[in-house]
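The values are calculated or read from the model by the stated rules, or taken from the named source; none is laboratory data. Worth saying up front: this structure is predicted, and the values here are computed from it rather than measured. Cβ placement follows ideal geometry from the backbone for every residue including glycine, while neighbour counts extend to all protein chains displayed.
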Amino acid sequence: MAGAEVSTQEILFGVASQSLVLEVDRPLSSITSVSVWPTGSDDTATAESATTGSAAIDTATEATTAEAGLGQSDPRKLAMASTAGFVAGRRGYVSVNGISETFEIARIHANTAIYARHPLTNAYASGATVDMTTRATISVSDTWAALVGKLSQAADPNPSYRVRWVVVHADDSSTGIYFRNADLVRYPSAPPVSPLDVDAAHPGWIAEMLPTDYRASQGRPLIVEATRLVRLDLWGRGIADRTLRSGEAYAALVIDRTVWATIEAGGLRGADVGQALAVAKDRYDRRLAGLVDSPRLAIDTTGGGGATTTKGKGKEVFTR
Amino acid sequence: MTTTPATIRDSIASRILALTPSAHTGDPFREHRYAEDLPLWAESNPAGCLRVFSVRWSGSTSAPSVTNTTEEYVERDLEIVVAYPTTWRFGEMQLVDLEEVIDADIRRINHEVGTNGFAALATAANTSATVTTLSEGPPEIGPVVSFGTVRLHVLYSRSPSA
């Protein structure tokens, strides 16, 4: 799972060996249960047979071998004896002496250190615990993922499934309940937008606009976040993002939203971006209005993967 | 032997690019792309301006103090500006820590390309130019972005016609 801790996970229809993922901001010691229901069913209803086996908590954990964080020459660096089990892009947790924070692993260096995307907020003594026990997974049933009848409703922007995780936190042994959402889809909704695509549409985005902490990744997390924002904009119009069958149009929306969000972030920092922000927002709004609010795109109304190209049917869905 | 302003400027920029800062070592120096003045650009891009620097000539070139019609000595000032976002990321003492980082960077840059370091510039520059430091800083702390500045004075030998 990429992006925010809370996002609707897309399970791919007919694909084996998938997992549901839970990411939280506190270490976990055990998973009591994982249940999946259709969104419209109560917790008292019969759960879906969507998972198999027991949930597993990420076991990667290591002690730092040097002071880390605030005040160090590189406040992103967490030195450790081994980086086995740590994966770039995932979120971790560092703690010692009652202080703690979550962080995203930006990169792993030569089995001797991991680097956070952002400078760590706190100062950590050598021997601090770095672990990935904030993440748990459970296997999706291959059989369930291949059932046509379980496919998410194509035109409904609401997630089809609710996943209820009952967990025990490691720090205070308290029980916690988290819910996440999932859809079973034939195609993932995320468009294949790369940083180069954004830069081609808006020259200078990579070299001149990327925030410092996103330069090493060429701003990919910003594209993921922009995709989420587009998805929310579509949901706000009653459109399930996964129904869009024009990858190019979806990508164009994500590209424009990425640039808008990047400029907006500068404005929130106090930059004088009024004119640039207005241009970027107008460009996205016009694209959204032209492609989505005025129905032109072929969409998948049945969930079968095929697209309906007649404007009339598209309009029915878009205005539903 | 003669050199050119472009050779001197490029050599200084290359030396700065190669520096590893003493604090926040994971954030290297990056040269500005000069589509507009660095301060103007940084004000619009505070989140992305950390350690973006510009190296630009300032003021006019002096009349030759010495010439033999094939080589002549001239003087001109050169300004290095480094941009920083005004944030807490440099430490708990916020502005104090920011000022310390700027001071350290500026001192390091000056050491590498100013009076102490000009001899290490690329051959075409250092054998035909003398660089002396005019001033370091002080840090200019703004509400959104801050700047460190090094001003240099360059005496160099050039071709009168090229």
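Strands (runs of 3 or more DSSP E) wholly in the range A:24-102 with at least 2 residues that are within 14 Å of chain B (Cβ to nearest Cβ) and surrounded by 14 or more Cβ atoms within 10 Å (Cβ to Cβ) - which ones? Write out each step before concluding.
Values: elements: A:28-38, A:51-57, A:61-63, A:77-79, A:91-96.
Those strands (runs of 3 or more DSSP E) span A:77-79.
Residue by residue through the range A:257-283, note down the ones that are of a type in the set (D, E, K, R) and within 19 Å of the chain's Cα centre (by Cα). Explain how you work it out, then say what you get.
If we filter the range A:257-283 for residues that are of a type in the set (D, E, K, R), which is where we start, we get A:257, A:264, A:269, A:272, A:281-283.
Answer for the range A:257-283, where residues must be of a type in the set (D, E, K, R) and within 19 Å of the chain's Cα centre (by Cα): just A:Arg257.
Quick test for you: out of B:Ala23, B:Ala35, pick the one residue that is touching a Phe, Trp or Tyr at 6+ places or on another chain (Cβ under 8 Å), within 14 Å of chain A (Cβ to nearest Cβ), crowded, with 17+ Cβ neighbours inside 10 Å and over 18 Å from B:Thr149 (Cβ atoms). Can you show your working first?
Numbers: B:Ala35 fails: crowded, with 17+ Cβ neighbours inside 10 Å.
Just a single option satisfies the conditions, and that option is B:Ala23.
Considering the range A:220-236 alone, what residues qualify as being buried (at least 22 other Cβ atoms within 10 Å of the Cβ) and either within 14 Å of chain B (Cβ to nearest Cβ) or hydroxyl-bearing (Ser, Thr, Tyr) (or both)?
Matches in the range A:220-236: A:Leu222, A:Thr227.
Let me spell it out: the conditions are (1) outside any helix (DSSP H, G or I); (2) more than 14 Å from chain B (Cβ to nearest Cβ), and A:Leu253 meets all of them except one. Which number is the exception?
If we test A:Leu253 against (1) outside any helix (DSSP H, G or I); (2) more than 14 Å from chain B (Cβ to nearest Cβ), just (1) comes out false.
Which residues, taken from the range B:81-114, are at the interface with chain A (Cβ under 10 Å from one of its Cβ atoms) and of a type in the set (D, E, K, R)?
Of everything in the range B:81-114, those that are at the interface with chain A (Cβ under 10 Å from one of its Cβ atoms) and of a type in the set (D, E, K, R) turn out to be B:Arg89, B:Glu92, B:Asp97.
For the range B:43-62, what are the residues that are touching a residue at least 24 places away in the same chain (Cβ under 8 Å), facing chain A (nearest Cβ under 10 Å) and outside any loop (DSSP other than H, G, I, E, B)?
Result: B:Glu43, B:Pro46, B:Ala47, B:Val52.
Across the range A:6-60, what is the total count of residues that are acidic (Asp, Glu) and under 20 Å from the mean Cα position of the chain (by Cα)? Quick ask: steps written out before the conclusion?
From the range A:6-60, those acidic (Asp, Glu) are A:10, A:23, A:25, A:42-43, A:48, A:58; that's our starting set.
This time we only want the ones that are under 20 Å from the mean Cα position of the chain (by Cα), so: A:10, A:23, A:25, A:58.
Within the range A:6-60, residues that are acidic (Asp, Glu) and under 20 Å from the mean Cα position of the chain (by Cα) number 4.
Does B:Leu40 fit the bill of being touching a Phe, Trp or Tyr at 6+ places or on another chain (Cβ under 9 Å), within 14 Å of chain A (Cβ to nearest Cβ) and part of a helix (DSSP H, G or I)?
no
Somewhere in the range B:113-126, is a residue of a type in the set (Gly, Ala, Ser), loosely packed, with under 15 Cβ neighbours inside 10 Å, in contact with a strand residue (DSSP E or B) (Cβ under 8 Å, 6 or more places away or on another chain) and not in a helix (DSSP H, G or I)? Show your work before the answer.
Filtering the range B:113-126 for residues of a type in the set (Gly, Ala, Ser) gives B:114, B:117, B:119-120, B:122, B:124-125.
Going one step further and asking which of them are loosely packed, with under 15 Cβ neighbours inside 10 Å, we end up with B:119-120.
Adding the requirement that they be in contact with a strand residue (DSSP E or B) (Cβ under 8 Å, 6 or more places away or on another chain) leaves none.
No: the range B:113-126 contains no residue that is of a type in the set (Gly, Ala, Ser), loosely packed, with under 15 Cβ neighbours inside 10 Å, in contact with a strand residue (DSSP E or B) (Cβ under 8 Å, 6 or more places away or on another chain) and not in a helix (DSSP H, G or I).
Condition check: aliphatic (A, V, I, L, M), more than 17 Å from the chain's Cα centre (by Cα), at pLDDT 95 or above and on the phi < 0 side of the Ramachandran plot. Does A:Leu210 satisfy that?
Numbers: aliphatic (A, V, I, L, M): yes; more than 17 Å from the chain's Cα centre (by Cα): yes; at pLDDT 95 or above: no; on the phi < 0 side of the Ramachandran plot: yes.
The answer is no for A:Leu210.
Within 14 Å of another protein chain (Cβ to nearest Cβ) and aliphatic (A, V, I, L, M): which single residue out of A:Leu210, A:Leu184 fits that description? Full working, then the answer.
Details: A:Leu184 fails: within 14 Å of another protein chain (Cβ to nearest Cβ).
Within the list A:Leu210, A:Leu184, the selection yields A:Leu210.
Please determine, by comparing only the residues of the range B:1-18 that are assigned to a loop (DSSP other than H, G, I, E, B) and crowded, with 17+ Cβ neighbours inside 10 Å, which one is nearest to the other protein chains (Cβ to nearest Cβ).
Looking only at the range B:1-18, we keep the residues that are assigned to a loop (DSSP other than H, G, I, E, B), and these are B:1-4, B:18.
Now narrow it down to the ones that are crowded, with 17+ Cβ neighbours inside 10 Å: B:2-3.
Values: B:Thr2: 33, B:Thr3: 29 Å.
Checking each candidate, the answer is B:Thr3.
B:Val74: away from every other protein chain (no Cβ under 14 Å), closer than 21 Å to A:Ala207 by Cα and either touching a residue at least 40 places away in the same chain (Cβ under 8 Å) or in contact with a helix residue (DSSP H, G or I) (Cβ under 6 Å, 6 or more places away or on another chain) (or both), yes or no?
No; evaluated as a whole, the condition is false for this residue.
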